[in-house]
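The values are calculated or read from the model by the stated rules, or taken from the named source; none is laboratory data. As the structure is a computational prediction, the values presented were derived from the model and not from experiment. Positions of Cβ are backbone-derived with ideal geometry, glycine not excepted, and every protein chain shown enters the neighbour counts. For accessibility, only protein heavy atoms count, side chains too; no ligands or nucleic acids. Shrake-Rupley method; radii C 1.70, N 1.55, O 1.52, S 1.80 Å.
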Amino acid sequence: MGNFRYKLAQFMIGRNGFDAFNIGLIKLILIFIVADLFIPGRLLGRLTLFMWIYIYYRAFSKNIERRRAENQWYISYVHLPLKSYLSRDRKNYCYFKCPTCKQTLRAPKGRGKIRVTCSRCHNVFEKKV
Ligand SMILES: [Zn+2]
């Protein structure tokens, strides 16, 4: 067993391995596996297979610079926005977008009609919260 681990470690030298993007894809596969129980057809099963192939391609890839750029893209445009969306306090705050710059803003719930100044573009508008 120790020999196998050593050989695996040797094999992975200079390769990308499992980064945040790959782990995100595995989580998506888990969602697809559950969704596949309820959605007829073979589409999700096929997508899952291609995703596994892509995950292993990325894990064993020696083009680490390229894989890091992909991972950075994933973290900036998928992981962090999703994390921020899922951790919203919907019980106490109302979330909405600035009509001018589309920045997501929040205000405490139950205040009625309020005047909002956007934190990004300083646009002033009225909003019922
Ligand atoms: Zn704005």
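General observations
- Under 5 Å between amide hydrogens, built in the peptide plane, is the criterion, and for ILE114 it picks out LYS127, LYS128, VAL129 among residues at least 5 positions away or on other chains.
- Among LEU82, GLY110, LEU25 the positive-end extreme of the charge dipole of the chain (Cβ point charges): GLY110
- Check: the chain dipole with +1 on Lys, Arg Cβ and -1 on Asp, Glu Cβ, in debye: 560
- Of all accessible heavy-atom area on the chain, the percent that carbon and sulfur account for (1.4 Å): 61
- Normalised per residue, the accessible area of the chain is 77 Å², obtained with a 1.4 Å probe and no contribution from ligands, DNA or RNA.
- Per the chain, cysteines lacking a partner by the 4.7 Å Cβ criterion: CYS94
- Structure-based [θ]222 nm, the chain - -39500 (n - 2.57) summed over DSSP H runs of at least 4, per residue, nearest 500: -15500 deg cm²/dmol
- Taking Cα atoms only, the orientation of helix 20-36 departs from the longest principal axis of the chain by about 80 degrees.
- Based on every Cα atom in region 37-113, Rg and the maximum pairwise Cα distance Dmax equal 19.4, 57 Å.
- Separation of the LYS97 and ILE39 label points, Cα + 7 Å toward Cβ, nm: 2.3
- Converting phi to 3J(HN,Hα) with the Karplus coefficients 6.51, -1.76 and 1.60 and the offset θ = phi - 60°, region 100-105 yields 8, 10, 6, 5, 6, 10 Hz in sequence order, with x at every glycine or proline.
- The slack in the chain from TRP73 to SER87, taken as 0.36 nm per residue of separation less the alpha-carbon distance, amounts to 3.0 nm.
- Rounded to 10°, Cα long-axis angle of helix 64-74 versus longest principal axis of the chain: 30
- Taking the convex hull of Cα positions in the chain, its mean projected area over all directions (nm²): 12.9
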